[in-house]
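Enquirer: Pasting in a structure now, in structure tokens, and then I'll have a few things to ask.
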Amino acid sequence: MKHFLLLILSVLGLSSCSLFEKKVALLWTDHAEIAAYVEVFNSIQDEYKIELHYKANPAEALTREAVHPDIAIGSGFTSNQVIYLFSDLETLFEEERIKRNDFYAPLIALGKREQEQLILPVSFNLPVLMFKSGLISENVENFTLSWEEIEKRSTDFNAESKPRRWIMGFSPRWSSDFMYVYSIINGTSFSETITGQLVWNHQKLEESIRKYRAWSSSVNGNLEDEMRFMEKYFYDPPYKLLGAERILFSYTNLVNFMAIQKEKRADLEFHFIGEDNRIPVLEDIVFTGIPKKAKNRNAARAFITWFFQPETQLLCMETARFKRMRTFGIAEGFSPFPRINEQNFPQFYPELGGHIPPPEFLMFPEPLPLEWSTIKNEVLKPYLFRETGHTGSIESFNTLLQKWMRQQTN
């Protein structure tokens, strides 16, 4: 027996030992802050080890590379082209390793197909308008800023302009991201079919474009004035324009707002964008899962089980603060757990006091095609900016999209 134990120990001492390798899980992600979470996990136990490899686009890599990791963390995983590459995680709930009720119900449902929980949500982001402290916040009646209220306040702000002091409250055309987000609020409803085809409400998209065009004339005088204003003043970053009261509002998202250096946003506040206290969650939600081709499932399941404990969520934020990491929340976003967001986020980020939306306020996106991020940035956003830059007939987005898709195959 003694000789047998010595033999086992000598085998375990070999770096190439297969028994040791089974305890190591490979993780793919494009989120740098995940490295800090992996470091904590590896340090608090010695049964498993996570090795992190950076992938610029984990979702796309899963569809193209033959060898898969044991864990993947990234965006775009709800696409039908990607989600079925993951294995079922239902046993983690059945064994009560993770509690389903800890999550936002519609958010975790996005990772489910045919009664199988294939992926789990890690974090999400929300759209906001930022403005100079004290200018509007004391009079905001609702939790969100609606189109009507943004329009009224911008009109009033413009009316206060003095001779030789050119100011402009806001224009949808200042941000194609804003125009995209509000088209979602307006009911455009981008999503994918079971075959992965992009579909949307054509009528609502064109209605949104008409609203953006109307703003240029009804609020800001005319399109030409808007364009001259942008050319003259938009060489400065938004926080400077807001601080100087050159503009009233600037669109961003919560993660980017929190990324502004504290001294530069000391005099800034924000409100979420929405209608009737309904806030659209941005579609780049971060998910995680275990690919079907994973080789080291035990280590992967151990890491995922650890990560989705409420106390781990707090530990991750504590770690980021201790390391002075310039990162917001959990993996650059809100936690998938409402209780963590409501009770703990304001402790870490005092700016969020009174700004944590109740779960029923959140509008989670439908699954979108794997190529959605590219389509949005290369086709949709330029389309919105161009079509709001004239008063003629509106070109069909579908025509433009089909032309772009043909170019990709050539």
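The values are calculated or read from the model by the stated rules, or taken from the named source; none is laboratory data. None of the values given here were measured: they were computed from a predicted structure. When we count neighbours, we look across all protein chains shown, and the Cβ atoms used for this are built from the backbone with ideal geometry, even at glycine.
Enquirer: Confirm whether R321 is among the basic types (K, R) and not assigned by TED's automatic domain parsing to the domain that holds V199. Give the steps one after another, and end with the answer.
Expert: Numbers: among the basic types (K, R): yes; not assigned by TED's automatic domain parsing to the domain that holds V199: yes.
So R321 fits the description; yes.
Enquirer: For the stretch 184-205, enumerate the residues that are within 24 Å of I273 (Cβ to Cβ), out of contact with any strand residue (DSSP E or B) (no Cβ under 9 Å at 6 or more places or on another chain) and touching a residue at least 60 places away in the same chain (Cβ under 8 Å).
Expert: Matches in the stretch 184-205: H202, L205.
Enquirer: Among all residue pairs at least 6 apart or on different chains, which show Cβ distances below 8 Å where the first residue, located in the stretch 222-239, is without any contact (Cβ under 8 Å) to a residue 40 or more places away in the chain and the second is assigned to a helix (DSSP H, G or I) and polar (S, T, N, Q)?
Expert: N222/S216
Enquirer: Could you please let me know if T312 is hydroxyl-bearing (S, T, Y) and out of contact with any Lys or Arg (no Cβ under 9 Å at 6 or more places or on another chain)?
Expert: Details: hydroxyl-bearing (S, T, Y): yes; out of contact with any Lys or Arg (no Cβ under 9 Å at 6 or more places or on another chain): yes.
The answer is yes for T312.
Enquirer: I'd like the full set of residues that are closer than 26 Å to L368 by Cβ and crowded, with 19+ Cβ neighbours inside 10 Å, limited to the stretch 33-54. Give the derivation first.
Expert: So the first thing to find is which residues in the stretch 33-54 are closer than 26 Å to L368 by Cβ, and the list is 33-34, 53-54.
Scanning the stretch 33-54 gives E33, I34.
Enquirer: Another question about this same structure. Could you grab me the full set of residues in the stretch 197-212 that are surrounded by fewer than 19 Cβ atoms within 10 Å (Cβ to Cβ) and assigned to a helix (DSSP H, G or I)?
Expert: Hits for the stretch 197-212 are H202, Q203, K204, E206, E207, R210, K211.
Enquirer: If I filter the stretch 138-159 for residues that are in contact with a helix residue (DSSP H, G or I) (Cβ under 8 Å, 6 or more places away or on another chain), surrounded by 16 or more Cβ atoms within 10 Å (Cβ to Cβ), touching a residue at least 60 places away in the same chain (Cβ under 8 Å) and under 27 Å from I330 (Cα atoms), do I get at least one hit?
Expert: Yes, some residue in the stretch 138-159 is in contact with a helix residue (DSSP H, G or I) (Cβ under 8 Å, 6 or more places away or on another chain), surrounded by 16 or more Cβ atoms within 10 Å (Cβ to Cβ), touching a residue at least 60 places away in the same chain (Cβ under 8 Å) and under 27 Å from I330 (Cα atoms).
Enquirer: Could you please tell me which pairs satisfy a Cβ distance under 8 Å, a separation of 6+ or placement on different chains, a first residue in the stretch 292-303 that is under 18 Å from N42 (Cβ atoms) and assigned by TED's automatic domain parsing to the domain that holds A25, and a second residue that is of a type in the set (F, W, Y) and part of a loop (DSSP other than H, G, I, E, B)?
Expert: N298/Y48; A299/Y48; A302/Y48; F303/Y48
Enquirer: With the requirement that a residue be more than 24 Å from the chain's Cα centre (by Cα), surrounded by 12 or more Cβ atoms within 10 Å (Cβ to Cβ) and of a type outside the set (S, T, N, Q), what does the stretch 371-396 give you?
Expert: Once the filter is applied, which keeps residues that are more than 24 Å from the chain's Cα centre (by Cα), surrounded by 12 or more Cβ atoms within 10 Å (Cβ to Cβ) and of a type outside the set (S, T, N, Q), the stretch 371-396 yields R386, E387, G389, I394, E395.
Enquirer: Here is a follow-up. Look through the stretch 53-68, keep the residues that are in contact (Cβ under 8 Å) with a residue 40 or more places away in the chain and touching a Lys or Arg at 6+ places or on another chain (Cβ under 8 Å), and return whichever of them is nearest to P358 (Cα to Cα). Break it down into steps so the answer makes sense when it comes.
Expert: Taking the stretch 53-68 as the starting set, the residues that turn out to be in contact (Cβ under 8 Å) with a residue 40 or more places away in the chain are 59-60, 62-63, 67-68.
Among the residues that remain, those that are also touching a Lys or Arg at 6+ places or on another chain (Cβ under 8 Å) are: 67-68.
On the way: V67: 41, H68: 37 Å.
Taking the candidates together, the pick is H68.
Enquirer: Answer yes or no as to whether I194 is β-branched (V, I, T), closer than 30 Å to T63 by Cβ and assigned to a loop (DSSP other than H, G, I, E, B).
Expert: Details: β-branched (V, I, T): yes; closer than 30 Å to T63 by Cβ: yes; assigned to a loop (DSSP other than H, G, I, E, B): yes.
Answer is yes for this residue.
Enquirer: Is it true that Q408 is over 16 Å from the mean Cα position of the chain (by Cα) and more than 24 Å from P121 (Cα to Cα)? Talk me through it step by step, then tell me what you get.
Expert: Values: over 16 Å from the mean Cα position of the chain (by Cα): yes; more than 24 Å from P121 (Cα to Cα): yes.
Spelling it out, Q408 is indeed over 16 Å from the mean Cα position of the chain (by Cα) and more than 24 Å from P121 (Cα to Cα).
Enquirer: Related question: Those residues that are of a type in the set (V, I, T) and more than 22 Å from F364 (Cα to Cα), I need them from the stretch 330-352; list them, please.
Expert: Here is the first cut: in the stretch 330-352, the ones of a type in the set (V, I, T) are 330, 340.
Correct list: empty.
Enquirer: While we're on this one: Would it be correct to say that T155 is closer than 27 Å to G392 by Cα, modelled with pLDDT of 90 or more and of a type in the set (S, T, Y)?
Expert: Numbers: closer than 27 Å to G392 by Cα: yes; modelled with pLDDT of 90 or more: yes; of a type in the set (S, T, Y): yes.
So T155 fits the description; yes.
Enquirer: Taking the stretch 372-403, which residues are of a type in the set (D, E, K, R), in contact (Cβ under 8 Å) with a residue 40 or more places away in the chain and within 30 Å of P336 (Cα to Cα)? Reasoning before the result, please.
Expert: Going through the stretch 372-403, the residues of a type in the set (D, E, K, R) turn out to be 376, 378, 381, 386-387, 395, 403.
Those left that are additionally in contact (Cβ under 8 Å) with a residue 40 or more places away in the chain: 376, 381, 387.
Answer for the stretch 372-403, where residues must be of a type in the set (D, E, K, R), in contact (Cβ under 8 Å) with a residue 40 or more places away in the chain and within 30 Å of P336 (Cα to Cα): K376, K381.
Enquirer: List every residue pair whose Cβ atoms sit under 8 Å apart, with the two residues 6 or more apart in sequence or on different chains, where the first one lies in the stretch 111-135 and is closer than 30 Å to W147 by Cβ and the second, anywhere, is among the small types (G, A, S) and in a strand (DSSP E or B).
Expert: Pairs found: S123/G329; S123/G333; F124/G333; N125/G333; L129/S250; M130/S250; F131/S250.
Enquirer: Going through the stretch 169-198 one residue at a time, which ones are of a type in the set (A, V, I, L, M) and out of contact with any Asp or Glu (no Cβ under 7 Å at 6 or more places or on another chain)? Please lay out each step first, then the result.
Expert: Going residue by residue through the stretch 169-198, those that are of a type in the set (A, V, I, L, M) are 179, 181, 184-185, 194, 198.
Hits for the stretch 169-198 are M179, V181, I184, I194.
Enquirer: Residues that are β-branched (V, I, T): which helices (runs of 4 or more DSSP H) entirely in the stretch 213-282 hold 1 or more of them? Full working, then the answer.
Expert: Details: elements: 223-233, 238-243, 254-259.
Per the criteria, 254-259.
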